[in-house]
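Enquirer: Below is one structure. I have some questions about it.
Taken together, the values in this text are just the output of simple stated rules run on the coordinates, not laboratory data. Keep in mind that this is a model prediction, so the values were computed, not measured. We place every Cβ from the backbone using ideal geometry, glycine too, and count neighbours over all the protein chains shown.
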Amino acid sequence: MEDQPIIIKRKKVVAGGHHGGSWKVAFADFATAMMAFFLVLWLTATASPEQKRAVEGYFKDPVGFTEGGSPNPVDLEGSASVVKESAMDIERSQIQIEDQVVDELSETLEQRRMQELFQELKERIEQNETLQEFKDQLLIDITDEGLRIQIVDRSGRPMFDSGRAELKYYSQNILFELAKTLGSVDNKLSITGHTDATPFNGRPGYTNWELSADRANTARRALVAGGVRGAQIARVVGLSDSVLFDKDNPTAPVNRRISIIVLNKKAAQGIQSSAGGGEPVIDLTEPTAAQKEEARTKLESGNWLEEKPEPKPGELNW
């Protein structure tokens, strides 16, 4: 039996119908290349000769080692400048924030120095024989303006003779001893004189207002003689009986007093501003370069966060 022939039928596929996606990728590359080409043409047409030379130098040597090369992009008044300005704004903002933090830290350090001065005065009063004898007439506390020292009259032991502005010898000694500590600080001082509500009838036209002001000025002279610098005095005021210590007993001896305030920076600047004056020639309350550097060092090292603030002392009456 003869073998049957094997017949193979091949089906011819006619081109057409669905196509592949490779042409889309090629077209996208072409469109991108054309867009880049026209962008280069536009930049070339609008760039100045200097900018063209900068572009040429950048492409020749992007790192910028040779003459004409530059490691920085060329500013063609486009988005690069906007980014640059934004970076500068952020940097300025960071500097302002840093300065604000340093100022706040400097203010906190100033408050701590007030606490230290408070303790120093307390120890001096306890250890000094002159101050120890009159400690019941010394009132010390911390107010919004700073550290306040009040020297008050006691029954049978006034600071001044009645109706006069001359200090008793022991009152002068008290001010001399206080001046040794007050003269060692950089803060400015405010001195205020107070009287009780008893009217002064010593001579015509001379009232408790004049008397309290003269007594405050006498205290100023004693402090300067004891070691306080004249530039430290920011204010000398007489308030008569307008601010009584014992409001329930206006004629009480305790109302006759001299108040000395070691001013903080804010209070000293407030006095300067309210007086309508310009910037002081010597601002003893402005933090020194060393103080600002101390604040920055504490801020950067983080040691400041480990320190525990001391409790704010109340008024002491020995």
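Enquirer: Among the listed pairs LYS188/LYS266; LYS168/LYS188; LYS122/LYS180; LYS180/LYS266, which have their C-alpha atoms separated by more than 18 angstrom in this model?
Expert: Exceeds cut-off: LYS168/LYS188; LYS180/LYS266.
Enquirer: If each residue's Cβ is checked for other Cβ atoms within 10 Å, how do MET159, MET34, MET114 rank with the fewest at the top?
Expert: MET34, MET114, MET159
Enquirer: Same structure again: Count charges around ASP241 for me, please; just the other residues with Cβ under 12 Å from its Cβ, Lys/Arg as +1, Asp/Glu as -1.
Expert: Once all neighbours under 12 Å are counted, the net charge is +1.
Enquirer: Same structure, new question: Calculate the length of the line joining the C-alpha centroid of region 202-226 to that of region 140-160, in whole Å.
Expert: What the calculation gives is 16 Å, centre to centre.
Enquirer: Right, something else. I need ASP136, ASP141, ASP196 ordered by Cβ neighbour count within 10 Å, fewest first.
Expert: Lowest count first: ASP136, ASP141, ASP196.
Enquirer: Using amide H atoms built in the peptide plane, which far-off residues or other-chain residues are under 5 Å from VAL237 H to H?
Expert: The list, which skips near neighbours in sequence, is ILE191, THR192, GLY193.
Enquirer: Read phi for every residue in region 187-195 and hand back ³J(HN,Hα) as whole Hz from Karplus 6.51 cos²θ - 1.76 cosθ + 1.60, θ = phi - 60°, with x for Gly and Pro.
Expert: 5, 7, 10, 10, 10, 10, x, 10, 10
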